[in-house]
Every structure is written in C-alpha cells, then in structure tokens.
Amino acid sequence: MALATASDLPSADVGPEALSSAELRARIRAGEFDGNTSGLASGFVQCNLVILPERWGSDFLRFCQANPKPCPLLACSSASGDPGLAELGEQIDVRSDVPRYRVFRNGSCAEERNDVQDLWQDDFQAFALGCSFSFEEALIAAGLDVRNVSEGRNVPMYNTNIPCVSAGPFTGNMVVSMRPFRPVDAIRAIQICSRFPSVHGAPVHFGDPLSIGIEDI
C-alpha cells in the first residue's frame with residue numbers, strides 16, 4: 001500500500017509506473033488498479049496492511065514489538081473503527097486503498113476482494129507494517145537488477161524454519177521474500193537494505209536456502 005495525500009483521479013491512459021503515491025491510491029480506490037505495487041510509487045514507503053478486531057489488537061502489537069524484523073510496525077489506527085492512518089498521510093482509507101485484500105476466517109483465507117467497505121466493523125484496528133518493496137528503488141538506483149521488478153512479477157515468498165516470538169494467538173515461523181543476485185551484488189544489496197530498518201532492513205539470510213528450511217526455490 002503506497003501512502004500519501006489523495007489527489008484527483010489521474011487519466012486512465014497513464015501507466016501505474018508513472019503515478020505518484022496519491023494518484024496510485026486514487027486509482028486503486030476507484031477500482032482501476034488491482035495488481036501488486038512492486039516498482040511503483042517512487043520515493044514513498046510501502047506498507048503491508050493487517051486489519052484485526054480490537055480484542056486481538058494488543059496481542060498483535062506485542063507480536064510486532066517482539067518480531068521487528070518480519071513485522072516492522074510503522075503505524076496503527078488511532079482509535080477502533082478508524083479507517084485512516086493519520087501518521088502516514090491524509091485522506092487514507094484502509095477499507096479501499098489496497099489493490100487486493102485477503103479475508104481470513106477461522107485461520108484460513110476465505111476470499112480475496114478489492115475492498116472491505118462492506119465488511120468493516122466499528123471495533124476494527126489497522127496496522128501498517130513496512131514492506132520490502134520500499135527499498136527496491138534504492139537497489140535499482142545502485143545498478144542492481146531487481147528481478148521481480150524487471151520481469152513485472154510479484155516477489156517470491158517462502159515459509160522458513162525461523163521461529164517468531166509468540167504473542168497471544170499469534171505464532172509461527174518467519175516468511176521471507178527473495179531477490180536473486182550474484183554473490184558480489186548480494187553483498188552490495190545487503191549494504192543498501194541495511195539503511196532501511198523500518199522496511200525489514202538487511203536480509204535475514206543469504207546463500208543456501210536449505211539452511212533456513214526452504215527446500216525448493
């Protein structure tokens with residue numbers, strides 16, 4: 001989710017890569033863009049969004065605080081039922097400003113949809129977590145090929161054997177995203193990503209994926 005002040009809806013013939021953060025969110029809100037946002041909203045932090053009932057909010061906050069590497073918390077709702085994130089920008093509406101939502105029921109993904117306006121409840125809280133899409137721009141500026149951007153694909157993601165610290169009902173192993181580099185470029189990428197701790201920072205691992213439980217990449 002690219003966050004900034006909303007603006008008038010841009011012309012439909014302008015490609016998403018040319019849009020500002022505010023223009024991209026306006027197009028998403030209008031239902032005109034539903035892809036992933038890797039490589040878009042240049043110069044802005046991107047977020048992963050979690051929306052939970054208030055009764056789980058304090059446990060999820062503790063989970064983020066205990067696991068800042070996979071869950072770097074940037075902002076959360078100022079009050080239950082508030083769909084805005086004033087800390088991150090004006091006129092943000094978490095019910096409609098994300099291209100695709102996954103709705104979980106009883107621990108399983110039940111559906112995907114383009115907004116959650118009709119599902120919104122007065123006790124919902126939103127949490128914005130830093131997203132690794134945010135440092136891709138810096139990698140590209142350094143001359144590195146970020147393959148998911150150059151191929152127009154979403155970044156590959158994997159379950160690992162690295163345990164997270166549990167908090168209340170929130171438990172499990174770390175999920176990682178992967179960018180393939182030659183060894184010399186991987187070292188440069190680590191140096192660059194280390195400058196962005198609020199969006200995951202330096203990689204948790206590089207080298208043999210088996211050592212963190214990934215059997216097939």
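Just so you know, all these numbers are worked out from the coordinates, no wet-lab data involved. Everything numeric in this text was worked out from a predicted model, so none of it was measured. For neighbour counting, all protein chains shown are included, and Cβ atoms are generated from backbone atoms with ideal geometry for every residue, glycine included.
In terms of its C-alpha gyration tensor, the chain comes out oblate, because a/c is 1.5 or above while a/b does not outweigh b/c.
Dividing the mean sequence gap of close Cα pairs (under 8 Å, 6+ apart) by how many residues segment 115-217 holds gives a relative contact order of 27 percent.
The phi torsions of segment 196-208, fed into the Karplus equation with coefficients 6.51, -1.76 and 1.60 and a -60° offset, translate into couplings of 10, x, 6, 10, 5, x, 5, x, 7, 6, 9, x, 5 Hz, rounded to whole numbers, with Gly and Pro shown as x. Taking amide H as placed 1.01 Å from N in the peptide plane, the amide H of A75 sits under 5 Å from that of A128, each at least 5 places away or on another chain.
Here the Karplus relation 6.51 cos²θ - 1.76 cosθ + 1.60, evaluated at θ = phi - 60°, turns the backbone of segment 106-120 into coupling constants of 6, x, 10, 5, 9, 6, 10, 8, 9, 7, 10, 3, 7, 9, 5 Hz, with x for every Gly and Pro. Restriction of the GluC sites (Glu not before Pro) in segment 46-105 to DSSP coil positions whose beta-carbon has at most 13 other beta-carbons within 10 angstrom yields E87, E90. Residues in segment 143-160 carry Karplus couplings, in order, of x, 8, 8, 8, 5, 5, 6, 5, 9, x, 10, 6, 5, x, 10, 9, 6, 10 Hz; the curve used is 6.51 cos²θ - 1.76 cosθ + 1.60 with θ = phi - 60°, and Gly or Pro positions show x. Applying 1/(1 + (r/R0)^6) with r as the Cβ-Cβ distance of V103 and D59 and R0 = 22 angstrom yields a FRET efficiency of 0.65.
Cysteines in the chain that lack a partner Cβ within the 4.7 Å cut-off: C47, C76, C109, C131, C164, C193.
Gain in length, S150 to R182, computed as 0.36 nm per residue apart minus the alpha-carbon separation, to one decimal in nm?
Values: separation 32, 0.36 × 32 = 11.52 nm, distance 1.59 nm.
Additional length available on full extension: 9.9 nm.
When the chain is treated as a GNM with alpha-carbon contacts under 10 Å, the residue of V184, V146, V98 showing the greatest mean-square fluctuation is V184. Under a plain spin-label model, where a point goes 7 Å from the Cα along Cα-to-Cβ, how far apart in nm are N173 and A141? With each label placed 7 Å out from Cα toward Cβ, I get 3.6 nm.
Assuming R0 = 35 Å, what is the FRET efficiency of D122 and M157, from their Cβ-Cβ distance, to the nearest 0.05?
Plugging the Cβ-Cβ distance into 1/(1 + (r/R0)^6) gives 0.60.
Here is how the number arises for the chain: DSSP H runs of 4 or more residues each give -39500 (n - 2.57), the sum is divided by the residue count, and the result at 222 nm is -5500 deg cm²/dmol. If you wrap the tightest convex hull around every Cα atom of segment 98-217 and split its volume per residue, you get 152 Å³.
Determine the relative contact order of the chain: mean sequence separation of Cα pairs under 8 Å and six or more apart, normalised by residue count, in whole percent. Walk me through the intermediate numbers first.
Details: 379 pairs, mean separation 46.7, N = 217.
In percent, rounded to a whole number, it is 22.
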